[in-house]
Amino acid sequence: MPLHTLEISELLAHAPIFDDHGNLISDKAAKAHRWKNHFEQLLNHPSVPCPDLPSTVQEDQRPCQEPSELEVHTAIRKLKNGKAPGLCGITAEMLKASGDLGILWLTSVIVPPPAVVSPPAPPTIQATPTVSVAQHTVPSVPIPLSSNSLSYPSRLMVVS
């Protein structure tokens, strides 16, 4: 068979290979055995022990500011057009075209709403009403209605 009509796979099937010691192997059965040993060494190596990982995830303790509307606007502006949308189906072009209302909406999605504090429960009304009377002290000095009705002595007399 002329050399130019052989395919590459046929050439490789007839080409000799090296054994573990660097000697050429041309026997078909010996080459098959050598390929078997090669792939067993390549694929069946002992597993690498995995280091013990902590069982709990430690979160970053640094304080994190919530993003402002300006930061959300800047991030939307930096998105590349023509990319595939995420699971929600919203593309970068949609966010960019949404304008100020879209920025406000996206900011409200990112920033959690403030915690609502429920007012205290009103006191329960008892079945039998109780009445308590408070004692009020009434001043013994009459209270004038206007400052013109007061009369102050013009002189004080000291009696010894």
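Give me the residue from the range 1-29 that is more than 59 Å from the chain's Cα centre (by Cα) and assigned to a helix (DSSP H, G or I) and, out of that set, modelled with the lowest pLDDT.
For the range 1-29, the residue satisfying everything is L3.
Here is a yes/no grid of residues against (1) out of contact with any Lys or Arg (no Cβ under 6 Å at 6 or more places or on another chain); (2) surrounded by 10 or more Cβ atoms within 10 Å (Cβ to Cβ); (3) part of a loop (DSSP other than H, G, I, E, B):
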site	(1), (2), (3)
L42	yes, no, no
E59	yes, no, yes
C64	yes, no, yes
L70	yes, yes, no
K80	yes, no, yes
P85	yes, yes, yes
G89	yes, no, yes
E93	yes, yes, no
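The values are calculated or read from the model by the stated rules, or taken from the named source; none is laboratory data. Since the model is a prediction, treat every value here as computed from it, not as a measurement. For neighbour counting, all protein chains shown are included, and Cβ atoms are generated from backbone atoms with ideal geometry for every residue, glycine included.
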